[in-house]
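> First the structure, then my questions, so here it is.
The values are calculated or read from the model by the stated rules, or taken from the named source; none is laboratory data. Given the structure is predicted, the values throughout are model-derived calculations rather than measurements. Don't worry about glycine lacking a Cβ; one is built from the backbone with ideal geometry, like all the others, and counts go over all protein chains shown. For accessibility, only protein heavy atoms count, side chains too; no ligands or nucleic acids. Shrake-Rupley method; radii C 1.70, N 1.55, O 1.52, S 1.80 Å.
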Amino acid sequence: MTAAWALINAVACRGEGLDEARALLRKGLLTEAERILTPLAAEPEGPQRPPALLLLGNVDYERGRYESALERYTEAEREGAADDSLVAAARGNRELALQRLERARQLATLEARLRAGVISALALGAAVVIWLARPLRAGARTPTGGS
C-alpha cells in the first residue's frame, strides 16, 4: 500500500473522509475525491456509505457520466432513507441527471438527423452534377468536323 492510500484509508477511518472529499470536490479535484469516496462506498453497511454514494454520483455527474450518476443517486437515496436531507439531495441530483440524460438523447437524435440530412444533400448534389455533366460528355463523344 502506498503512502497516499494509507493516508486516504486513515482519513476515511476517522470519519473525516466525507469532509475531505467534499473539500476536494469544491476544488474540482475529482480523482482525489473519488479515491477517498470509493472505499467508503464499498463498505456494505457503513454509515458513510450513502453520503459517499451521493458524492460519487456528483463525481460521475461532473465527468458527464449521467447514467452512472443516476444509479449512484438512486442507491444513495435508497440506502440513506433515514436521513431526510440526504434523500432530498439525492432526489434533486437524480432529477438533474435525468434532465442531462434527456438533453443528451435529444442532441444525439438531432445530430443523427443532421448527419442524415447532410448525406442526403451531398448525394443529391452529386446526382445533379452528374446529370448536368451528361450533355457535356455526350457532346465530347460526338464527332465533329466537316464534310
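> Within the set of other residues whose C-beta is less than 13 Å from the C-beta of Gly64, count the net charge using Lys and Arg as +1 and Asp and Glu as -1. Intermediate results must be reported in sequence, preceding the final value.
Values: positive: Arg63, Arg65, Arg100, Arg103; negative: Asp60, Glu62, Glu67.
Combined, the nearby Lys, Arg, Asp and Glu give +1.
> Also, I was wondering about something else. Taking every pair of Cα atoms in region 82-122, average 1/r, invert it to obtain the Kirkwood radius, and report Rg/Rh to two decimals.
Working: Rg = 17.8 Å, Rh = 12.5 Å.
With Rg and the Kirkwood Rh in hand, the quotient comes to 1.43.
> Follow-up. Per q in 0.12, 0.13 Å⁻¹, report the Debye log10 I(q)/I(0) for region 58-137, using one uniform scatterer on each alpha carbon and no solvent.
-0.53, -0.57
> Can you give the accessible area per residue of region 13-139, in Å², using a 1.4 Å probe? Display every interim value, and only then the final one.
Values: 8260 Å² over 127 residues.
With the other protein chains kept in place, region 13-139 gives 65 Å² per residue.
> If you don't mind, another one. Starting from the Cα coordinates of region 19-112, work out the convex hull volume and express it per residue in Å³.
Values: hull volume 8.9 nm³, N = 94.
Roughly 94 Å³ of hull volume per residue.
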